[in-house]
Each structure stands twice: as C-alpha cells, then as structure tokens.
Number of protein chains: 4
Amino acid sequence: MLKIGVIGYGYWGPNIVRNFHGLTNCKIVAVCDKSPQALKHVLASYAGIEGTRDASDIFTSKDIDAVAVVTPVSTHYDLARKCVENGKHVFVEKPFTATVAQAETLIELADKKKLTLMVDHTFLFTGAVRKMKELIEQKMLGTLHYYDSVRVNLGLFQHDINVIWDLAPHDLSIMDYLIETPPEAVVATGASHFNGLEDVAYITIYFPNNTIAHIHVNWLSPVKVRTTLIGGEHKMVVWNDLEADEKVKVYDKGVSVTNKQGLYDLLVSYRSGDMWAPKVEQTEALKLEAQHFIDCILHNQKPVNDGAAGRRVVQLLEAADRSLKKRGKIVQL
Amino acid sequence: MLKIGVIGYGYWGPNIVRNFHGLTNCKIVAVCDKSPQALKHVLASYAGIEGTRDASDIFTSKDIDAVAVVTPVSTHYDLARKCVENGKHVFVEKPFTATVAQAETLIELADKKKLTLMVDHTFLFTGAVRKMKELIEQKMLGTLHYYDSVRVNLGLFQHDINVIWDLAPHDLSIMDYLIETPPEAVVATGASHFNGLEDVAYITIYFPNNTIAHIHVNWLSPVKVRTTLIGGEHKMVVWNDLEADEKVKVYDKGVSVTNKQGLYDLLVSYRSGDMWAPKVEQTEALKLEAQHFIDCILHNQKPVNDGAAGRRVVQLLEAADRSLKKRGKIVQL
Amino acid sequence: MLKIGVIGYGYWGPNIVRNFHGLTNCKIVAVCDKSPQALKHVLASYAGIEGTRDASDIFTSKDIDAVAVVTPVSTHYDLARKCVENGKHVFVEKPFTATVAQAETLIELADKKKLTLMVDHTFLFTGAVRKMKELIEQKMLGTLHYYDSVRVNLGLFQHDINVIWDLAPHDLSIMDYLIETPPEAVVATGASHFNGLEDVAYITIYFPNNTIAHIHVNWLSPVKVRTTLIGGEHKMVVWNDLEADEKVKVYDKGVSVTNKQGLYDLLVSYRSGDMWAPKVEQTEALKLEAQHFIDCILHNQKPVNDGAAGRRVVQLLEAADRSLKKRGKIVQL
Amino acid sequence: MLKIGVIGYGYWGPNIVRNFHGLTNCKIVAVCDKSPQALKHVLASYAGIEGTRDASDIFTSKDIDAVAVVTPVSTHYDLARKCVENGKHVFVEKPFTATVAQAETLIELADKKKLTLMVDHTFLFTGAVRKMKELIEQKMLGTLHYYDSVRVNLGLFQHDINVIWDLAPHDLSIMDYLIETPPEAVVATGASHFNGLEDVAYITIYFPNNTIAHIHVNWLSPVKVRTTLIGGEHKMVVWNDLEADEKVKVYDKGVSVTNKQGLYDLLVSYRSGDMWAPKVEQTEALKLEAQHFIDCILHNQKPVNDGAAGRRVVQLLEAADRSLKKRGKIVQL
C-alpha cells in the first residue's frame, strides 16, 4: 500500500485527491494547502487524512512514499526537488517546470535516486487520445501532414502566466505523444489586451518532412472550441472533445497526385469515402493516470508521461514564449 | 444601358454572366473564352451574346463600355491594362493582381482615364459581412481585440497558386473592410505536401493597439469550416458561414478588469449575457456587387471594393507569401 | 428518342424540365402552363420547345410519347387519365391522386394500355435513401422496431391541401420503400390555426410484429428539421438530410435481453459501439428518377415508384386525414 | 432548522440528499434504504446522519419534520400516506402516484392536516423552464399554437413501468406549468419490443382553442435528443437542453394571414426576423427546488409543484397509458 501526500488543494487538487483515493493499492495520508478553508474542506470529505499548511510536513514525512505537487508552476521546481531529495516519487502538475533547466535538474536528480517522476499530462489517458495513438501506430493515417488544434473559450485569466503556459501544455503534450518525431523550430504570435499577459496566441511547430503543427489558444473567445484536425496521407481525423459521443471521427479522405500536366488541369485531386467514429473509452482519464503512476512505482517502470515528456513540453513553451515576444521570430530547437 | 464584355468563362465566369445578365441597366454583349466548349455553353444559355476566343475582340470593341476579367490571376494585369488603355471600366476577379506594383500601375492608369476599377471581393456584399460592418460602425463591439478566421476544406488544388493566394483573398478583403486601420506587419507559416505549393498556411496580421488578426487556410481538411471570431471590448461575434440561418451571432460577453491585487486573485474576470442573431439579408452577394459596379460607373462614384482595396489585399498576400517562404520571418508593411 | 410533354411550369416544373432536358435519350417538345409568364420563361430558357396554355395540346399531340403532369393534386386524375387514354406514358407529381379510387382507375387504365405510370417520389432516388435501402436489404439492421421521421420548418402555407398532403408524401413514400410490409392501421392527430387547413400533424402507422412508424409534419416550426431515426434489432440509423456530408449514420447500438429476474434487476440492457457514416452518392435524385422513367418505358419495365406505390401513399394520406378529422380515431387499412 | 428524513437511496436519492444537505435551514437526520450497501455509502459520505432499512423508522420518528420519498412509483402512495398520517410534510419523487385516485387521497389528507405536499418536478426549477415561463407570462409569444417535445435516447429499460411513466412526467409537468389551460383529451400510440413494456410512445394532448401538444418518448434511440419547440402567435421558441449555453432560443418568426384570395395565391405567409438566446440561469434546479420545499413549509405556502400539479401529471399519464393500450383511442379528460 503506497502512501501518498498531496501539496496543493486549489482548483485541480480535489480531482487528484479523489482519483488517488479511489485506487486500491495506494492511500492518501496527508494533504497540504496554505488555505485553512481548503484544508477544512478536504478533511471533511475524506476520513484518515492529515492536513497541514506547511509543505515540508509532506516532503520530509517518513510515512509518505510519493507526493503529488498540484501548485502553481512557479513553485513546481522547488517543491519537486525537495520531494526527490527526500526520496519521494513525484507526480507534478503540468506544465512540469518554469524552465527547461529546472526540468533537466529534476530529471537527473530523480534518475540518480531511481525515483519515478511523472508529469500530469492528463489528456494522454483519455479514450480519445489513446484511440488516436492506436490509429497512428497501426499506420492507418499514413504520413502525418499536419496537426491543428484549437483550444479557445472565455477563460479565467491567470495572474502569473499567459495563455500559452495556461492552455498550450495540453495540446503540446498530446502532439508530442502522437507525433513522436522531435520538432525543429517554433514560431509564435499573439497579443495581450488587459493585464500584460498574452490572452490570444498562435503557435506553429515545424517538424521534419513538412509535417507542421499549429495551436490556437485564446482566453477571449465567446464560444468554447476544443477541436483538433490531423491530416494524414491515407486518412484524416477530427477530434472534437466537446461532443458527448463520437469524439473521434476518422475520414477516409485524402489527396491523390495525378499526372495530368495540361494548363488548366489539376496536378492533385482529392478522394472521399466513408467516415468512421470508433467507440472511445469513457473511463476518467485522471483515474487511469493515477493508476499508471502507482504501477510505474511498484513495477519500476518509466511512465509514458515521464520527466522527459514534461521537459519536451516545457522546451516548446519556452520557445513559443520567446518567439511570441519577438513577434514570430523563429526559435530553432 | 451599359454594355459589358466578359473575358473568361471557366469556374466563376458563369456566375458573373448570370448576375450581370439579371440587371436592368446593363447588357452583356460579348463573352471571350479560349475553350470552344465554354463558348458553346454560354451562347446556348443566353440570347444576343457574341462569343470570341480572342480577348482583344473584347477590349478593343467600340460597342463595349465595361469589361469583367474573370481569368487566372497571372493574366489579370495584362488584360485589365489593355481594357483601361482602351477606355473600358474594369471589374477584375480576386486577387486583383499578382504583385503590388501591377496593382499600382492599374490604379494610376484608371485614375488618369477616370475609369472605374473594381475588384471582385464578393464577400463584402453578403448579408453577414454587411451586418458585421454595421455592428462595428455602430460601435457595438467596442475596440477590436482580435479577428480570427478559419477557411478550410478538402479543396481542389490549384496548379499555379498556393492556398494563400487561392483562399486568403476572401478573409483579407473582409478583414480589410471591417478593421479599416492599416496593418503593421505580417507573419506567415505553412507547409506544402504534394506539388510544391503550400496547401496549409497560417497568417498573423499585426495592427496598432494590440489588435491582431489570424487566418487559417487549408486545402487538406476533412471537414469544411468557414468560421470567423471577432473579439471586441464590449461584444464578441461568431460568423459561421455554413449555417443556413443565424450566420452571425453576437455575444454579450467580455472581460472586465478588476482591482483585486492579492496573490491568488485574478486581475481580470469575465461576464456573460444574452446572445443575439440578427436577421441577415439573403440577396445573392454577386448580384449586389454587379449592381454596385454599374452604379459606380453611371454615377461616377468610388466602389467600396476599388483598386485601392484590391491593392491592400495583394500587399498582404505578397507579404504573407514572403514570410511563409522564410518560415515566419516578420514582414513589415 | 422519346418525346416528352410537360403540363405545369410552376414551382416544381422547372426542375422536371431541366432534368429531362439533360438526358440523352429523350427530348422535351412542349410545355403547357396557364400563365403566359411561365411560358415566356421556359421558352427563353430552352431552344426547340413549344409552349401552350391548353393542356389538350399536350395530351392529344401525335408528336408526344410521354407526359409529365406537374400540377396541383386536384387536377392529377383528370390530366393523367386523358394522357393515358391518348396513349401517353405518364409521370405524375406526388401525391399521385386525391383519392385511392382515382389511383386505382389510373392504374387499371395504364395496365390495359400497357403504358408506364410513374409517381414522382423523388426521395427514393437520393443517395441517402438508396444507401438505407441497401443496408436494410443486407439485413444489417435486423428486424425494424420503429421508423420516426420529422419534417418541419416555417413553410409556405398551401391554400388547397393541409400539411399532411403537402409534406407527408415524402415520408410515406420513403417509409413504404424501406419497410415493404403492408401497414395495418393509421392514427393521426393535428391542429389548424389559420386558414382551416391543418398546419401541424402527427401520424402513427402500425405494422405487423410491433413495427411502428411515426411522422411529424409541421408548417409552423421556427427551425428546419429533416431527421429520420430507424431503430433496428442490430443497428440503428440516423438520417439527417440537412447535413452536407454524413447524411446517414449507422450506429452499432442496440438492446440485449438478459435473463436476470430479481426485483430491481433490469430485464433489458443496452450495448454501444462504433458509428459509421457510409459515403452517400451525390447525383441529383430527380435526374436519376427521370432516367428511370425513360428506361422503364424503353425496356418495358415496372418502375420502383409505379402507380401501385403512388396508390399506397395516397391510401395512407387518406387514412391519416380521416383519422385526424376524428381526433385520432384509428383507421384500419 | 427543519429536520428531514429520506426514504430511498438508489439512483436519484443521492442527489436529493446532497441538495438538502447543502441548504442552511434544514438538516438531514436519517436515510432509509433496503440495501445495506446504499446505507453504507450514505453514512460514509455525510456525518451525523442515521441509517435504517425500515421506512417506518423514518415516518414515525418524532425527530423528523419532513420526508423525501425517493422510491419506485408503486410505493409512493403507501409511504407518502404514512408520512402524512404521522404529521410529516412530504416531498415525493415523480411521478407522484400510480393512479389519480391515490393522488387525490394524498392531497385531501395533507390539506386536512395542513401539511406541505410537493412533487419532484425538478425541471420547473431549471433556468431554461423558468425563462420560458417568464416569456409566456410577459405575453411575448402570444397565443400558443403548439408544444412539441422529444425526449429520446438509448435508455435503461425499467422493469416495472413503460417509457411513458419513466420519461413523460418530465415533459408533462413542464407543459402543465407553461400552458396552464386544462387539457381536453389525450391520444397515445406506441409499441413494445422486448419485455412487454412500451419502449416507444407518442402522446398528443388536445387543449382548447386548437392548442395542441405532442410528446415523443423513446428508449431505443441511437442518439440523445432533448428538444422542445413552442409555436406562438408572435414568437417561437426552441429549447435544446443538450446545448451547454444558449439552451433557449427565441425566434422572431411567425405567420401572417393575408387577404389575397386568387386561385394560386397563398392565404397565409410567413415572416422571419432576429433570433435571441436569453442568458439562462445555471443554478442546479434540484437545489432551488429543495429550497422551495423548505420555504413553503416554513412560510406555509403552496408549492408551485404541489400535490395538485402532481395529480394533473398522473391524470395525463393514466390517460396516455389507457389510450396507448387501445391503439390511440381518444381519452377525454
């Protein structure tokens, strides 16, 4: 029975606690939050949990094997480092760290101590993303031409990070999981309208062989959109995360190159066939992810969403942010 | 009764002929196309029209007052110039010309000869765009924060122009009409997968005061999307051109800046109210545009979509293309 | 080369003329309409057609082999009868006739004279309906449990027929084509709010073995809906005729009967799987139907939509109308 | 501080307990369920609640002021009667009772004892229904022409009641609330395919002055639909309960009667204007309803959803069921 401590019980913490609580081979023993009200709430909801306002109670506790760090990104590095230094496995909220340098230090430290480091890239555990991964691995889509994701809504403004650091970690972690090939360069544009932090941003990521990705994140949209298009050589996918059923649609559509060369002839034509919406598993993603964390610790395995995955996402966030500040200046990776 | 000649009876020409034909104060007297089959078709459909395979029959005819040039963009400049030199008013298919230099020569020439020059920016005459123009002019939206347009589908590949020159003239001409302020710079990214011409592209246009525009054009999308979001200070608009009714939705949503400064307080919050879909006029846009051309000639007025509007769109297309070729290098305007 | 005359050039007539005109093995030689304006319009649009305001010019002409009767339903019987009596094959607009008795007389007469009688059930020739027919014939859906169709919009009121006679012929002809089994009884309800003719109506049709059909037709709906649900034992279908693509969706969903018999146990549970949207052919239905008419005449074959199909639809319309007048009193067939 | 007991902790009970628990002027003191597992669950979730498997512990308790009966409909009458006889206010799950006679006995008994009787017509407390009630009360829609509701999905089969008793109470209670005028007659059709209980049903309700209502309930639909159309003289409403925002849309559309009387002229024409989606309050309906129950008890007021409202819905259910069994035979009310 693995014993777990949780640091941070704000917006996302309750979901973390609820899901680890629901597993059979682990047990939440303590939760830390600076807010007495948050602590009161968690203690009322679960029996046998201790509460503290001091994070060091968690990372120095001899009774705790693993810690979930569910705090603002600016605190991730310090907290996670102390956890690792005290011999705890760590589950860190996304984005992993505020800089690539921090990510690399944490990875090295955890490696040295043979501890499990996992970054909360929850979406990788959704039925939709797992289904798309499966389709890509089965070579059903063929070579990927583009990956286009839109994540916009009238969102709560953050006071410390811009829309890229707030929303793009989702898209970047999914893209990283599905495409695998290392990207070459990033170009980002955007604007800020209220508090100096960008609220609208567009990120282009260049991959080898003309694969291109693009992410649109926006806190100022009147409508909520969560749609990803994936253009493959053989098939194309539309993932609409707001659909109750049929989240993933696979189109037997594509382009064929023909040999006609006449002045008004087309060199390229398209074909169109059936559409297919595979059944997508409905299990809560965070539950599967929590289970994966426990399993990796118990069986000493590398998580899919390990520190390296977290570092790759932070690298893209850093690059996008730097490009955005210089109005789209390309950042080579 | 204004007499009109038409050069080009391919994909779009039949719509031009049908709409000018439907007006009462003009008359189509001749149509030119290189294809005998196209000529046969137009002669069978309309009485009293002459057909020719030689464009000079049109632009030198003494019987013709105005010419519609409905040919590929590479031929626009030569044909339009000859029309103007021969004293004809000209209606030119979009995009106006292949270069800004060409556009400027044509504008100057037409000015000198006091001839009307109109570029076929059809969308400006749709009920949806006119309604949005009205809302903006009434200051209903407040300061514009962003303009975001997506125009994607599994499209017919062009053999001579990329997806920017093919699709973006629509978005750029609408944006130019609605925003009015001159843009400052352009950043574009994209990729080509088949015949060397880009089939996916993303264009960011920077305006003064943090207004930002973005256009996504794509020939490789499995689904057709024609959606524009406009984020204003007071209200926000979603224009979905694929909806049969309710194409334009106005959201009483927005963001308010608050004064809280605590560590975990938000500096910005959002508000949400009613949505309103104003009735949008259904008259065919091209009919209104054709009428506008005739009216401008008869009453010696500047068209909304005059040569200068055409030049501004071509300038943005040129800049986007140049930026795209250099992987997003910013092009100042 | 079959020679065709057309009686009626109002709302639907132009589509009939255009489609027969587009075929290679027939030729429209004359069109009749009482309105001089309609005649002027058709003569301007097509070369080599004669116009007349007297229908007898059509049905007595020695130069005509087949006649399309595209007039209000109250005139169908007289006109079609005269055509048949004069040895013409006849294509009659839907609904076939105003009474079952009229339909039977026409069928008998045409049989005696070995003439082809076809009723314009256009929808049977759409890609969507043909695809659903194919799925049913392949036993993919299994036993049909129900057929539910909604055809509502803010419609033009008719001055001579109610919403059942106006809209339900579409649904009844499709239902008749897909279900095949003869129905047992009809129950209809509805109401009239303006000119004494019902503008909202609900029709239930009972078939053997608990198959049930229901049709909702309505001239007073603020939104347009054209959706049919078909519940089968193995699979279920949703046909949304307003979707541009993916009109027909086949759901691998259904109900399984289980053996549990405990007090609070369910006797029946459901299963859910993939969804599949087969590609649906886009050819204009009326073109295929016109071709089918010509082919049946030339090769002396029974049309799918022959007089008997027309009679079955009229029988249901009559029954529904009778039931509606008596507030849902069941009418046995 | 009102003390509340709850009988039944199955599918819906947890929502009842959670919502009463969240109120400040009442307190849940005991919960009864036959299942030890259900009891264990509720005791683990809330502090200070007693559990029992014997309902008489609830309705005879001197410590309890009001009881929520959240059990299958067949038990409502007995349990509610005992509660009232023991001087408890009662909140009864929908449908109120299995027969009108039972409903009338309960109403009489509660009146005599001056106890509050409320039926759980939750939908009356949703933002959408309250907004529609407001629009109707403001005479914005004008005379109501029709009320059309579709409530279908692939649903869990009940073992003791058919689809009418399971789903139609929602629609009937909303209709009763919005239309107010007493209905005149009911016609229902339907079919059963598995366990002898009807799984598809269509109910027509006739009101005076040609107002007509229709409800389609179905456990065998591959897709979930929750849509109500309301056709009024001046405006029309579409309520789509599955939309996240914009649940209620008000269309400035309607029909105008004109005076033209020519043979082919229309007597009635339609007009079309703006659409408006008023902001709809998002507070959980059950919370407001629970509050209303407490308020009515404390201030001795008649609930909106009192026993009489419950009785009216049961009367319609009984009538529909009787009509359905006789294949649509009209049942006068």
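The values are calculated or read from the model by the stated rules, or taken from the named source; none is laboratory data. From a predicted model like this one, the values you see are computed outputs, not experimental measurements. Cβ coordinates were reconstructed from backbone atoms using ideal geometry, including for glycine residues, and neighbour counts include every protein chain displayed. Only protein heavy atoms, including side chains, enter the accessible area calculation; ligands, DNA and RNA are left aside. Shrake-Rupley method; radii C 1.70, N 1.55, O 1.52, S 1.80 Å.
Within region D:94-151, being touching a strand residue (DSSP E or B) at 6+ places or on another chain (Cβ under 7 Å), open to solvent by less than 10 Å² (accessible area, probe 1.4 Å) and among the β-branched types (Val, Ile, Thr) holds for one residue alone: D:VAL119.
Condition check: more than 8 Å from every other protein chain (Cβ to nearest Cβ), on the phi < 0 side of the Ramachandran plot and free of Cβ contacts under 8 Å to residues at least 40 places away in the same chain. Does A:ASP306 satisfy that? No, not satisfied. Of all residues in region C:304-322, those being open to solvent by less than 10 Å² (accessible area, probe 1.4 Å) and assigned to a loop (DSSP other than H, G, I, E, B) number 1.
Inside region C:165-180, residues that are under 23 Å from C:THR211 (Cα atoms) and within 14 Å of chain D (Cβ to nearest Cβ) make up a count of 1.
Summed over region D:61-84, residues that are farther than 26 Å from D:ILE161 by Cβ and open to solvent by 30 Å² or more (accessible area, probe 1.4 Å) total 3.
Just so you know, in region D:217-254 the residues that are more than 8 Å from every other protein chain (Cβ to nearest Cβ) and among the hydroxyl-bearing types (Ser, Thr, Tyr) include one that is least open to solvent (accessible area, probe 1.4 Å), and it is D:THR228. Pairing each residue of region D:267-288 that is within 13 Å of D:LYS131 (Cβ to Cβ) and within 12 Å of chain C (Cβ to nearest Cβ) with any residue that is part of a strand (DSSP E or B) and not acidic (Asp, Glu), provided the two are 6+ apart or on different chains, yields C-beta distances under 6 Å for D:TRP276/B:TRP276; D:TRP276/D:VAL250. One residue alone among A:LYS62, A:LYS34, A:LYS82, A:LYS40 is more than 26 Å from A:LEU316 (Cα to Cα) and outside any loop (DSSP other than H, G, I, E, B), and that residue is A:LYS40.
Can you find a residue in region C:169-190 that is in contact with a Ser or Thr (Cβ under 9 Å, 6 or more places away or on another chain), under 23 Å from D:GLY232 (Cβ atoms) and surrounded by 19 or more Cβ atoms within 10 Å (Cβ to Cβ)? Taking every residue of region C:169-190 in turn, at least one turns out to be in contact with a Ser or Thr (Cβ under 9 Å, 6 or more places away or on another chain), under 23 Å from D:GLY232 (Cβ atoms) and surrounded by 19 or more Cβ atoms within 10 Å (Cβ to Cβ). With the structure loaded, tell me whether A:PHE157 is modelled with pLDDT under 95 and crowded, with 20+ Cβ neighbours inside 10 Å or whether it fails that test. When the stated conditions are applied, A:PHE157 passes them. In the set (1) at pLDDT below 95; (2) more than 9 Å from every other protein chain (Cβ to nearest Cβ); (3) part of a strand (DSSP E or B), the condition left unmet by D:ASN259 is number (3). Can A:LYS325 be described as surrounded by fewer than 18 Cβ atoms within 10 Å (Cβ to Cβ) and under 19 Å from A:LEU178 (Cα atoms)? So A:LYS325 does not fit the description; no. Considering every residue within region C:99-122, establish whether at least one is of a type in the set (Gly, Ala, Ser) and either touching a helix residue (DSSP H, G or I) at 6+ places or on another chain (Cβ under 6 Å) or part of a loop (DSSP other than H, G, I, E, B) (or both). Yes, region C:99-122 contains at least one residue that is of a type in the set (Gly, Ala, Ser) and either touching a helix residue (DSSP H, G or I) at 6+ places or on another chain (Cβ under 6 Å) or part of a loop (DSSP other than H, G, I, E, B) (or both).
Annotation note: Cβ proximity below 8 Å between a residue of region C:186-199 that is without any contact (Cβ under 8 Å) to a residue 24 or more places away in the chain and a residue that is among the β-branched types (Val, Ile, Thr) and buried (at least 20 other Cβ atoms within 10 Å of the Cβ) (sequence gap 6+ or interchain) occurs for C:ALA191/C:VAL200; C:ALA191/D:THR211; C:ALA191/D:ILE212. Would region B:178-200 turn up any residue that is aromatic (Phe, Trp, Tyr) and modelled with pLDDT of 95 or more? No, the conditions are met nowhere in region B:178-200.
What about A:ASP176, is it assigned to a helix (DSSP H, G or I), in contact (Cβ under 8 Å) with a residue 40 or more places away in the chain and over 22 Å from B:HIS193 (Cα atoms)? Considered against the rule, which asks whether it is assigned to a helix (DSSP H, G or I), in contact (Cβ under 8 Å) with a residue 40 or more places away in the chain and over 22 Å from B:HIS193 (Cα atoms), A:ASP176 comes out as no. Of the listed requirements (1) open to solvent by 10 Å² or more (accessible area, probe 1.4 Å); (2) in contact (Cβ under 8 Å) with a residue 24 or more places away in the chain, C:VAL31 misses just one: (1). Determine whether B:THR24 is assigned to a helix (DSSP H, G or I) and free of Cβ contacts under 8 Å to residues at least 24 places away in the same chain. Considered against the rule, which asks whether it is assigned to a helix (DSSP H, G or I) and free of Cβ contacts under 8 Å to residues at least 24 places away in the same chain, B:THR24 comes out as no. Here C:ILE16 fulfils each of the conditions (1) in a helix (DSSP H, G or I); (2) under 18 Å from B:ALA47 (Cα atoms) apart from (2).
Does B:LYS113 meet the test of being closer than 21 Å to B:ALA290 by Cα and not β-branched (Val, Ile, Thr)? No.
Determine, yes or no, whether C:LEU197 is more than 11 Å from chain D (Cβ to nearest Cβ) and buried (at least 19 other Cβ atoms within 10 Å of the Cβ). Answer is no for this residue.
Scanning region C:127-151 for residues that are more than 27 Å from C:SER256 (Cβ to Cβ) and not in a strand (DSSP E or B) turns up C:GLY127, C:ALA128, C:VAL129, C:ARG130. The listed residues are B:ALA80, B:ALA101, B:ALA110, B:ALA68, and the only one of them that is hydrophobic (A, V, I, L, M, F, W, C), free of Cβ contacts under 8 Å to residues at least 24 places away in the same chain and farther than 17 Å from B:PRO169 by Cα turns out to be B:ALA101.
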